[in-house]
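Worksheet for the structure shown next.
The values are calculated or read from the model by the stated rules, or taken from the named source; none is laboratory data. These numbers were taken from a predicted model, which means no experiment stands behind them. Because the Cβ atoms are built from the backbone with ideal geometry, glycine has one as well, and the counts that use them run over all protein chains shown. We work out accessible area using only protein heavy atoms, side chains counted, and drop any ligands, DNA or RNA first. Shrake-Rupley method; radii C 1.70, N 1.55, O 1.52, S 1.80 Å.
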Amino acid sequence: MSQPPSTSTPYTSYQGFPEPGISLPPAPPLPNLPEGAPPRTRIKICGLTREQDVEAAVAAGADAVGFVLYPQSPRYVTPERAAALAALLPPFVTPVLLFVNADAAAVAAATAHIPQAVLQFHGDETPEQCLAAADGGRRAFLRAARIPLGADAAAFDLVNYAARYFRAQAILLDAKVDGYGGSGQAFDWSLLPPSVSAHLVLSGGLTSANVGDGIFQLRPRCRSLAVDVSSGVEASHGIKDPDKIQRFVAAVRAADRQHADISHDLLDDLPVPGDDDRLQ
């Protein structure tokens, strides 16, 4: 039996990374959802510092919680403190450790306290540095893309960025601000490319009031979409508000349901092949 022609774009690599500007092979298609099943946007609550905030995130239905191991952040916790908070998590809720320009030895020392954690690199780390800090790729990691505010967002080459960091589990989109995130500012989502062959995590300035719009704008542009919130569910820096967490999660789930309803309505309106022939 003859094989269909390959649609992959050949590329050369160095140290496991594609050369800049060279596209990766297209991602395999994702499985179709069962009819009637809404898409599920994964949710991460980041910047947790207190036991009651971990419990509030879990109770609201968060899929992951983040601990900031960047000493300059107002949400900073030590690795030991992060481990104590992560010990409260039930099964299938993922702890995420956020680093900014930490060397591989520091990352290894911190992750020894929480071996099940996913890593998040939120600074200026190169692909090689991310891979080295992630134990040669044996540990899952996210790579933050810092998107400029205003019209400058259109100049950010997210397609090439995702290709350079193709070993990342997902690309996390955050606004480019002083202090490496957590400012509560959102970039212009509409200026992102129409198609990115990567799993994306939307972050930066999200609240219960705007997260639905973000989901609608970004979900069609990527392989899958998750959301990450910190300041949008806070009473003050590092102090979460359980009511805001509940409202945020509810807004995400409402957007998922609405997106599913719209998708099913569009499918219902499509003509069935052969219907016209049978009617003649």
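For this structure, a couple of remarks:
- Matching residues in segment 139-155 - criterion: being closer than 24 Å to L191 by Cβ, open to solvent by less than 50 Å² (accessible area, probe 1.4 Å) and part of a loop (DSSP other than H, G, I, E, B): P148
- Residues being of a type outside the set (K, R), in contact with a strand residue (DSSP E or B) (Cβ under 9 Å, 6 or more places away or on another chain) and either at positive phi or open to solvent by 40 Å² or more (accessible area, probe 1.4 Å) (or both) - total across segment 156-166: 2
- Of residues in segment 118-138 being part of a loop (DSSP other than H, G, I, E, B) and touching a strand residue (DSSP E or B) at 6+ places or on another chain (Cβ under 6 Å), the one surrounded by the most Cβ atoms within 10 Å (Cβ to Cβ): H122
- 3 or more residues at pLDDT 95 or above and closer than 24 Å to A226 by Cα: qualifying helices (runs of 4 or more DSSP H) within segment 1-117: 51-60, 79-86
- Candidates are the residues of segment 64-75 that are open to solvent by 30 Å² or more (accessible area, probe 1.4 Å) and either among the aliphatic types (A, V, I, L, M) or in contact (Cβ under 8 Å) with a residue 40 or more places away in the chain (or both); the one that is farthest from Y180 (Cα to Cα) is P74.
- Qualifying residue in segment 209-229 (condition: crowded, with 16+ Cβ neighbours inside 10 Å, among the charged types (D, E, K, R) and in contact with a Lys or Arg (Cβ under 8 Å, 6 or more places away or on another chain)): yes
- Residues that are surrounded by 18 or more Cβ atoms within 10 Å (Cβ to Cβ) and over 20 Å from I45 (Cβ atoms) within segment 167-186 comprise A168, K176, listed in sequence order.
- Output for segment 196-208, where each listed residue is of a type in the set (V, I, T), open to solvent by less than 40 Å² (accessible area, probe 1.4 Å) and part of a loop (DSSP other than H, G, I, E, B): V196
- Cβ-Cβ distances below 7 Å connect the following pairs, each with a first residue in segment 96-117 that is more than 10 Å from A133 (Cα to Cα) and touching a residue at least 40 places away in the same chain (Cβ under 8 Å), a second residue that is open to solvent by 50 Å² or more (accessible area, probe 1.4 Å) and not small (G, A, S), and a separation of six or more residues or different chains: V100/Y180.
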